[in-house]
Structure formats: C-alpha cells, structure tokens
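Input: a single structure, listed below in structure tokens.
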Amino acid sequence: MNPLTRPHPSLPSPWAEAVDPDQATLADWARDASPPIIWSVAGTDSGGGAGLSADTRAAAALGVHLCPVVAAVTAQHSRGVQAVFALPREQIQAQLRALAEDMPPRVVKTGLLGSAAAITALCEAVDALRLRDPELLLVVDPVLGASSGGAAFCDEAVLQAYRNELLPRCNLLTPNRREALRLLGLRPDDAQAPGTPELAAALVQRFGPQRLQVCITGGDDLQPTPGADALALDWVQARALPSQPVHGWLALPRLPVPHSHGTGCSFASAAAAALARGFAMPDVLVLAKRLVWQALQDGHAAGTGAGPVRADARFMHQAQNMPVMGFDDEHSPAGATLARWLRVLQARPGQPDPSAFKAGLYGISADPAQLAGLAASGRFAHLQLRLKSDGRAELTQAIGQALKAVQAHPGCQLWINDHWQIALEQGATALHLGQEDWAALEPAAREQVLGKLGLKLGLSSHSLWELARARGLAPHYIACGPIWPTTTKHMPWLPQGLGQLHHWVAMAGAPVVAIGGLLSAGQLHACLQAGAAAVCLVRGLGDEALLATSAIRHADFA
C-alpha cells in the first residue's frame with residue numbers, strides 16, 4: 001500500500017478533477033501546472049502567525065494558488081494585537097479590479113475586513129464576479145476579535161455590514177460559538193443562549209436559507225457532558241447535494257498544545273481551497289478539520305506568546321487526523337457516544353486485526369438459493385442478502401432460508417442488508433446498513449444494534465464525510481464504492497477508483513471492502529493491491545470463468 005495517498009471529489013462538480021479509476025496513485029497537487037485560484041480578502045499579521053500569512057500556508061497545503069488582498073494592516077505579535085489600520089476603500093477596490101482582469105477566482109474567502117467600507121467594496125466585487133461566473137463561492141470567516149486579545153476589530157457599523165451585505169451573499173460561514181452569537185445579536189455570556197446546532201440553524205434561517213452553509217467550531221456548549229472536554233468538536237450544517245442535508249458534530253481529540261495562533265484563518269482558507277478543488281461542502285469541512293488538527297500538532301514557537309500553527313500537505317497522509325462524525329439528530333451526544341468516538345480516534349493507525357474480519361471474496365445477491373450455492377463453493381468469505389421487498393412474510397422467509405443455508409458452511413459469514421429487526425429475530429449475527437438506512441433509525445434502535453452482544457456491523461461509505469460517520473460507529477468493516485462505474489443501482493457518486501480506495505484503506509481504521517463495477521480478475525487484484533480486505537461481486541457472481549480463475553483464491557487475500 002502506498003502511504004502517500006490523497007482523496008478526490010466524490011460528487012460531480014464543475015471543478016472536480018477527471019480521475020481514471022484504474023489509476024492507483026493520484027497526481028501530487030503540489031505539482032499542478034495550473035492550480036485553482038482563490039482570493040483571500042483579509043488582514044496582514046506583522047507577526048506572521050494569522051491573517052494572510054496563515055491563509056497562504058493553508059491554501060498551499062492543498063496545492064491552491066491564493067491571491068492575498070489586503071483589507072487591513074495589523075501591528076501585532078504573539079501576545080496580542082496592538083493596532084489595526086483599515087485600508088481605504090479605493091485601495092481595496094484597486095486590488096480587486098486588478099485581480100479580476102487576469103486572475104479570477106473560484107472561491108473568495110474573507111478574514112479581517114476592518115471597516116464597513118471594505119465589506120461594501122468586497123460585495124460589489126463578488127456581485128460583478130458572479131455575473132461572469134455564477135459558480136463563484138464565498139467563504140466568510142467572521143473575524144470579530146483576536147483570540148490573543150488587544151485592539152478591537154469590529155465596531156457596530158462593521159457588524160451591521162456583515163449582517164446586511166456580506167452574509168446574504170455567503171456560501172460558507174465558519175464562526176466560533178462566540179462569533180455566531182454576536183452575529184445573531186446574542187450575548188456570549190447569556191446562560192439561556194441556544195446550543196450550537198440551534199445557533200447554526202438560526203444563522204442559516206436569518207441570513208441565507210437557500211445559499212448559506214455553516215460550520216461552528218469549538219463545541220464549547222457540550223463541555224458539561226462527560227467526555228466532551230477530550231474532544232475538539234465542530235458542528236456542521238451543510239449540504240452534499242441540494243436535496244441532501246448533512247448535519248452533525250465533527251470530532252477529533254483535543255490537543256493540549258501551546259501554539260495555536262491562526263487556526264480560524266487556516267480552517268476557512270483550507271475550506272476555500274477544498275471547494276476550489278471541487279469537493280462537496282461536507283467533505284470540504286472534513287478536510288479543513290484534518291488540516292487544522294495536523295497544523296496544531298506541528299505548531300511552533302515564534303515570540304514569547306502562542307506561536308503559529310503550521311499547515312502543510314503532509315496532513316493528507318496522516319491517519320491520526322481523520323475525524324469521526326455524528327448524525328443529524330445527535331445534537332447532544334450521550335456520554336457513551338463520545339466515549340466510543342474517543343476510542344476510535346485514539347486507536348493506533350495501522351492494519352486492522354485480521355481475526356476480526358476474514359479477508360476474501362464478498363458476494364451480494366437477492367436470491368437465498370444462489371447464496372446457498374455460493375457458500376457451498378468455498379470461494380467466498382462473506383455473502384450478503386440484499387432484499388428490497390417490503391413484505392414482512394417474504395422477508396422473514398428469505399432471511400431464514402439464507403441463514404440456514406450459509407450457517408452450514410462455517411467459513412462463510414452471512415450479512416443481512418437492512419431489515420435489521422427481522423434479521424435479529426431470525427438469528428442473524430451480521431448486519432450491513434447503508435448510511436441513509438442508519439440515519440433513518442430511531443436513537444433507541446441504533447443503541448439496540450450497537451449494544452447487541454456479538455453482532456457484527458458493516459457500513460457503506462461514498463465520501464469523506466460518510467467515512468467519518470462510519471468510523472464513529474466502530475464497525476467491523478467499511479465499504480468503499482463504487483470503485484468503477486456501476487449499473488446495479490442509481491447513485492450520484494463519482495467512481496472512487498483505486499486512488500481513492502488507497503486513501504480509504506489508509507484512513508478508515510477498519511477493514512475496507514471494495515465494491516462497485518468489479519467485473520474482472522485484474523480489477524479484483526488491483527483492489528487487493530490497494531489494501532482492500534475484501535472485494536465485492538454483484539454482477540460478477542454469474543461469471544463462472546471469473547469465479548473459477550485461480551487468480552482469486554482465498555490465499556490471495558492473506
């Protein structure tokens with residue numbers, strides 16, 4: 001397995017790169033001959049820690065060219081901001097006009113803007129750019145004050161310009177909790193302030209129900225819950241597709257590090273860079289969180305106060321920074337959920353325990369009789385009964401028939417797709433659920449499945465945020481697909497390809513099952529080379545020549 005892996009977009013986008021699914025290693029973004037362009041309209045930091053300095057480092061880590069537009073100049077060092085000088089409107093406009101002539105962006109990101117006049121100038125530029133490119137995106141990091149303290153960044157006129165001009169044009173807003181409260185006119189010390197998920201919903205409802213997506217960093221309001229203080233939690237309210245909302249907590253271990261200057265700037269700039277690369281918004285936020293967590297680990301001293309975080313491209317290769325993610329209705333995760341997330345995140349990266357999941361071929365069929373024959377052949381380590389019927393009697397009969405047939409062959413594990421209640425009633429020991437199936441379960445049903453002693457759980461994933469959600473449930477395996485184009489079911493997802501499969505294997509922390517479009521022995525072997533623990537056959541089950549070939553014996557999966 002090549003440890004230097006990176007992801008690519010999982011959903012169609014005007015900016016998603018064309019990927020050959022047969023390509024095992026994806027091109028290094030740092031060698032991109034024509035990298036995407038983004039603008040950052042923000043302030044300078046004379047100490048080099050935050051502002052445009054941090055923005056440039058974060059964008060470079062994703063191989064994106066960032067154009068720095070200076071809106072304000074600060075006099076600061078590691079212990080605080082001593083003065084802020086807002087640039088005149090005409091100087092900001094001159095920079096924006098020059099760039100628009102020759103270097104139009106895919107994404108504009110904002111930081112410290114310094115004045116209401118700067119916000120007006122920026123909004124005029126965004127409107128003009130969108131006349132030429134309606135796909136242009138705006139990421140707003142609402143810098144309303146410095147974490148290190150010192151001079152004020154935002155007066156009432158600036159705050160009103162945010163509310164009335166900038167946020168209605170915004171696609172992604174990345175405040176911390178204190179900033180989110182201030183944008184809504186609420187006091188940070190108000191004990192009756194709503195929880196973070198409710199804050200995100202209020203921001204969307206007030207400033208952009210059709211356009212705005214939000215990530216509130218910090219998770220401070222969860223601190224009273226046992227285990228929350230060990231996690232760095234960000235609430236996501238985003239959309240993968242117009243009809244597919246994705247909400248939930250993103251979690252990584254909290255890092256007790258002394259150097260944290262520039263985290264907010266780095267997060268927003270990483271998100272802007274990932275958007276420019278064509279990633280869907282939930283995946284963008286996973287990548288931004290990964291980059292900032294790794295940058296915190298790699299922060300360094302500069303001065304006698306908090307030094308800067310250090311973002312670079314290595315973050316994509318580090319499994320330790322792959323987060324877990326909760327589901328939409330988990331606004332206040334239980335202590336047991338937080339403890340499970342922490343266990344998953346603290347597990348040592350590396351090859352999963354082979355005794356927990358038998359490597360080999362994995363066949364999927366809706367026909368219990370066919371599954372019986374496949375189990376008897378001795379070629380399959382795993383089989384799955386995938387039925388889409390709604391009739392309880394028919395489901396009960398089919399599941400019982402399949403269990404009886406496969407249980408006669410102890411070397412083969414039968415997984416039941418969905419229909420978990422009937423499966424458990426019939427004595428099933430292994431369930432496979434899609435992400436939408438799991439999300440549709442009531443909390444009590446989820447706890448019943450997770451608490452069932454000896455029950456094995458497999459989950460599907462098609463994107464980074466789905467991988468993060470699957471990880472959070474500590475499953476026995478995570479499926480990655482479709483690897484190649486498939487016609488067995490209609491899906492919006494792009495083919496993952498071998499390059500993405502490499503990345504899943506490196507990041508999942510669980511056995512990865514490759515599925516989708518596998519129709520030749522060469523494809524099966526390529527998936528094994530990418531590190532898959534098992535490979536799925538659906539249409540290929542009827543190809544006796546493929547099944548009979550000596551190239552796919554169990555020994556090949558060892």
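First measure r as the distance between the Cβ atoms of Q192 and S243, then evaluate 1/(1 + (r/R0)^6) with R0 = 35 Å and state the FRET efficiency to the nearest 0.05.
On the way: r = 34 Å, r/R0 = 0.98.
Rounded to the nearest 0.05, the efficiency is 0.55.
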Quiz item: By how many degrees, between 0 and 90 and to the nearest 10, does the Cα long axis of helix 116-132 differ from the longest principal axis of the chain?
Solution: 50 degrees
Quiz item: Roughly how tilted is helix 89-102, in degrees to the nearest 10 and between 0 and 90, from the longest Cα axis of the chain?
Solution: 40 degrees
Practice problem: Give the Cα extents of the range 484-541 along the principal axes, in whole Å, largest first. | Solution: 28, 26, 17
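Can you give the charge dipole size of the chain about its Cα centre, rounded to the nearest 20 debye, using +1 on the beta carbon of Lys and Arg and -1 on the beta carbon of Asp and Glu?
720 debye
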Self-check item: Relative counts (whole %) of C-alpha pair distances in the range 242-360, using bins that are 5 Å wide
Solution: 2, 10, 16, 19, 18, 16, 11, 5, 2, 1, 0, 0
Quiz item: With every protein chain present, what is the per residue accessible area of the chain (1.4 Å probe, Å²)?
Solution: 39 Å²
Quiz item: Can you pull out the GluC sites (Glu not before Pro) in the range 63-136 that DSSP calls coil and that have at most 16 other Cβ atoms within 10 Å?
Solution: E135
Quiz item: Which lysines does K489 reach when only Cα atoms under 24 Å apart count, and residues fewer than 8 places away in its own chain are ignored?
Solution: K388
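Can you tell me the order of 39-50, 11-22 when each peptide is scored by its average per-residue count of other Cβ atoms within 10 angstrom, highest first?
Numbers: 39-50: 25.3, 11-22: 14.2.
My ranking of the peptides, most packed first, is 39-50, 11-22.
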Quiz prompt | Cα-projected label distance for A98 with A440, points at 7 Å along beta-carbon direction, nm | solution = 5.7 nm
Quiz item: Taking square-rooted eigenvalues a ≥ b ≥ c of the alpha carbon gyration tensor, is the range 101-175 rounded, prolate or oblate, where a/c under 1.5 means rounded and, failing that, a/b exceeding b/c means prolate?
Solution: prolate
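Counting Lys +1, Arg +1, Asp -1, Glu -1, what net charge surrounds L473 among other residues with beta carbon under 11 Å of its beta carbon?
Working: positive: R340, R446, R469, R471; negative: none.
Combined, the nearby Lys, Arg, Asp and Glu give +4.
Expressed in nm to one decimal, what extension gain is obtained for the pair E135 and Q205 from 0.36 nm per residue of sequence separation less their Cα-Cα distance? List each step's numbers first, then the result.
Values: separation 70, 0.36 × 70 = 25.20 nm, distance 2.20 nm.
Result: 23.0 nm gained on full extension.
Which length gain, in nm to one decimal place, applies between A16 and D229 when the Cα-Cα distance is subtracted from 0.36 nm times their residue separation? Numbers along the way, then the final one.
On the way: separation 213, 0.36 × 213 = 76.68 nm, distance 3.70 nm.
Net length gain for the segment: 73.0 nm.
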Exercise. Would you work out which of A359, Q370, M316 lies farthest towards the positive end of the dipole of the range 313-408? Charges go on Cβ: Lys and Arg +1, Asp and Glu -1.
Key: A359
Self-check item: Among beta bridges that DSSP assigns inside the chain, antiparallel share in %, nearest 5
Solution: 30 percent
Exercise. With a 10 Å radius around each residue's Cβ, average the other Cβ atoms per peptide and rank 539-547, 275-283, 369-377, highest first.
Key: 275-283, 369-377, 539-547
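Out of the total accessible area of the range 154-276 (probe 1.4 Å, heavy atoms of protein only), what percent is carbon and sulfur? Write out the running numbers ahead of the final one.
On the way: 2390 of 4710 Å².
In the range 154-276, the share of accessible area belonging to carbon and sulfur is 51 percent.
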Practice problem: Sequence neighbours fewer than 8 away in the same chain don't count; with that in mind, list the lysines whose C-alpha is under 23 Å from K109. | Solution: K289
Quiz prompt | Under 16 Å from K452, Cα to Cα: aspartates and glutamates that are on another chain or at least 8 residues apart | solution = D418, E425, E442
Quiz item: P443: net charge of surrounding residues, Cβ under 11 Å, Lys/Arg +1, Asp/Glu -1, itself excluded?
Solution: -3
Quiz item: Could you give the alpha-carbon Rg of the range 31-163 over 2.2 N^0.38 Å, rounded to two decimals?
Solution: 1.03
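With a cut-off of 8 Å between alpha carbons and a minimum separation of six or more residues, what is the relative contact order of the chain in percent? Don't jump to the answer; show the numbers that get you there.
Working: 1184 pairs, mean separation 81.7, N = 558.
Relative contact order of the chain: 15 percent.
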Quiz item: Semi-axes of the range 360-519's equivalent ellipsoid from the Cα gyration tensor, sqrt of 5 times each eigenvalue, largest first, rounded to whole Å?
Solution: 24, 19, 15
Exercise. Pull up all non-local amide H partners of V246: gap of 5 or more, or a different chain, and H-to-H distance under 5 Å with H placed in the peptide plane.
Key: A238, R239, A240
Quiz item: For Q529 and A83, what does the FRET efficiency come to when R0 = 51 Å and r is the distance between their Cβ atoms, rounded to the nearest 0.05?
Solution: 0.30
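Normalised by the number of residues in the range 446-558, what is the relative contact order in percent for Cα pairs under 8 Å and 6+ residues apart?
Details: 170 pairs, mean separation 23.2, N = 113.
Averaging sequence separation for qualifying contacts and normalising by length gives 21 percent for the range 446-558.
Within 14 Å, Cβ to Cβ, of R392, how many net charges do the neighbouring residues add up to if Lys/Arg are +1 and Asp/Glu are -1? Walk me through the numbers before you get to the answer.
Values: positive: K388; negative: D390, E394, D418, E425.
Local charge sum for R392: -3.
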Quiz item: Hey, how many Å between the Cα centroid of the range 179-199 and the Cα centroid of the range 394-425?
Solution: 49 Å
Quiz item: How many times 2.2 N^0.38 Å is the alpha carbon radius of gyration of the chain?
Solution: 1.03
Practice problem: Read phi for every residue in the range 474-484 and hand back ³J(HN,Hα) as whole Hz from Karplus 6.51 cos²θ - 1.76 cosθ + 1.60, θ = phi - 60°, with x for Gly and Pro. | Solution: 6, x, 7, 7, 10, 7, 10, x, x, 5, 10
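So for the range 199-264, averaging the separation of alpha carbon pairs under 8 Å that are six or more residues apart and normalising by length, what relative contact order in percent results?
Working: 75 pairs, mean separation 16.6, N = 66.
It comes to 25 percent, rounded to a whole number.
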Quiz item: About the Cα centre of the range 424-551, what is the dipole size in debye to 20, counting +1 per Lys and Arg Cβ and -1 per Asp and Glu Cβ, all else neutral?
Solution: 220 debye
Quiz item: Just in the range 1-83: which trypsin sites (Lys or Arg not before Pro) are loop by DSSP and have at most 14 other Cβ atoms within 10 Å?
Solution: R79
Quiz prompt | Helix 281-297 vs. the chain, principal-axis angle (Cα, 0 to 90°, nearest 10) | solution = 70 degrees
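The values are calculated or read from the model by the stated rules, or taken from the named source; none is laboratory data. Being a predicted model, the structure only gives us computed values, none of them experimental. With ideal geometry, Cβ positions are generated from the backbone for all residues, glycine too; neighbour counts draw on all protein chains shown. The accessibility values were calculated without ligands, DNA or RNA, using every heavy atom of the protein model including side chains. Shrake-Rupley method; radii C 1.70, N 1.55, O 1.52, S 1.80 Å.
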